[in-house]
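Read through the structure below, which is laid out as structure tokens, and then see the notes.
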Amino acid sequence: MATSYSTTTTTTILLLLVIAFFSFYQTQAGNINPNSVVLGLTRSSTTFTIPKPSKYSRKRLSQVSDMIEPLRAVRDGYLLTLIIGTPGQVIQVYMDTGSDLTWVPCGNLSFDCLDCDDYRNNKLIGTFSPSSSSSSFRDTCGSPFCIDIHSSDNSFDTCIEAGCSLSTLLKATCSRPCPSFAYSYGEGGLVAGTLTRDNLRVHGSSPYITKDVPRFSFGCVGSTYREPIGIAGFGRGVLSLPSQLGFLQKGFSHCFLAFKYANNQNISSPLFMGDTATSSSDNMQFTQMLKSPMFPNYYYIGLEAITVGNVKSAEVPLNLREFDSQGNGGMLIDSGTTYTHLPEPFYSQLLSMLQPMIAYPRATDVERRTGFDLCYEVPCPNNRFTNDPFPSITFHFMNNVSLVLPQANYFYAMSAPTNSTGVKCLLFQSMDDSSYGPAGVFGNFQQQDVKVVYDLEKERIGFQPMDCAAAAISQGLHKK
């Protein structure tokens, strides 16, 4: 999930007055995206409107019709394959509904990831080489994407930072490259790079049809902190992949494969974009999206209760379905966060409800080693896990939506069983700080074997339990 920061520019008072005088020349205006993150570029103290994307951009984006893309399950998320450049270069990135920017690692040997020892030998990410693509070029300082990535409330700021003269600014003729950016994520990750444009190849209405999207804007990232793999942002900002492909007035949906399929290259989760994604069945339940004043580009829903077995939880705190005066609160639904996070003391109350309903012995050594709060030793006849009698868990969202979680979505085996015994742990976690930003997060692990629909036209999120492996096979996303 992206977080928002800003700094203060040192532009002189005289320059501000000149820019203010000529600001009426800006004939196209839009709202600033407060969710983009910048640590490198600063903003002026005078407020200006931001130009909307050009007519050319809007026309180009609308040319992409319905899409289906395969998502590969890995240990902590779902990877989308991007084919960028001429000739095409293949890079796998996380699908993340909690951010806007799409970025890829750049440079075969020069890409550097700090504090990423766990991924040192990971060969699946791939890197992008701009010099090997005949269609690659740096985005310009005046583009809407550059203005957005730098969180500027003045459409001249980025070109001033790039060194453009006032005369070229006023004539809109400055073509200097967009300044380098830094973009941060909610759990402390940070990436730094340059905004680049190139051809993006996507699938059409079937996996066997491809289309080229020219001038797609993305981050070409040379160094990161705790972010070893690129990310495709699926938020609602101008930089996001759905936005650039023209799907913000439609929507998208996914059906995440169960974790047992992680790293299985023979089957992929289906990701739909366009009208096909939002066409729902009779069994689909929809809850309305909540509009976050703090992070309006991301997807929030309201949690009203959790039922454990036949017992409804203690009263859910209001901040899981409402925002305070500063915009904090709500439950973020985020494909880029692995486990569901709940605020205290509600999280501890949920654990207190579960414990007396489970007769298995606690595996406290596994709890200390993994950081999970409830782990149990379960019998495994013939060293095979069975569907153990753990109590059911149901999430109740606003608009009378009830989602019964598959058991594997909350109690999951930590390792292979030995001596006819195995260990399963509750894969929920406590929210570190629910006083700032979202009060809770509904993570991707709890979305497995559930069709999730982001109906952006009607501002609602849909849920329907589903066998996602069968759905993948029906869409031709399975290798025999």
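Every number here is computed from the coordinates shown, using simple stated rules; none is lab data. Computed from a predicted model, the values in this text were never measured in an experiment. A quick note on method: Cβ atoms are made from the backbone with ideal geometry, for glycine too, and the neighbour counts reach across all protein chains shown.
Which of the listed residues, 374, 306, 454, is farthest toward the dipole's positive end in the stretch 278-467, when Lys, Arg count +1 and Asp, Glu count -1 at the beta-carbon?
My answer, from the dipole projection, is 374.
Any idea what Rg and Dmax come out to for the stretch 278-467 if you just take the C-alpha atoms, in Å?
17.2, 56
The stretch 425-480 to the stretch 282-333: how many Å between their Cα centroids?
Rounded to whole Å, the Cα centres lie 14 Å apart.
Using alpha carbon coordinates only, what is the Rg to Rh ratio of the stretch 421-475, with Rh defined as the Kirkwood radius?
Rounded to two decimals, Rg over Rh is 1.09.
Just order 403-410, 303-310 by mean Cβ neighbour count inside 10 Å, highest at the front, would you?
For the peptides 403-410, 303-310, the packing ranking is 403-410, 303-310.
Suppose each label sits 7 Å from its Cα in the direction of the beta carbon; what would the residue 377-residue 348 distance come out to in nanometres?
Between residue 377 and residue 348, the label points sit 2.8 nm apart.
What residue among 325, 438, 387 has its Cα farthest toward the positive end of the dipole of the stretch 278-467, where the charges are +1 on Lys, Arg and -1 on Asp, Glu, each on the Cβ?
Going by the charge dipole, the pick is 387.
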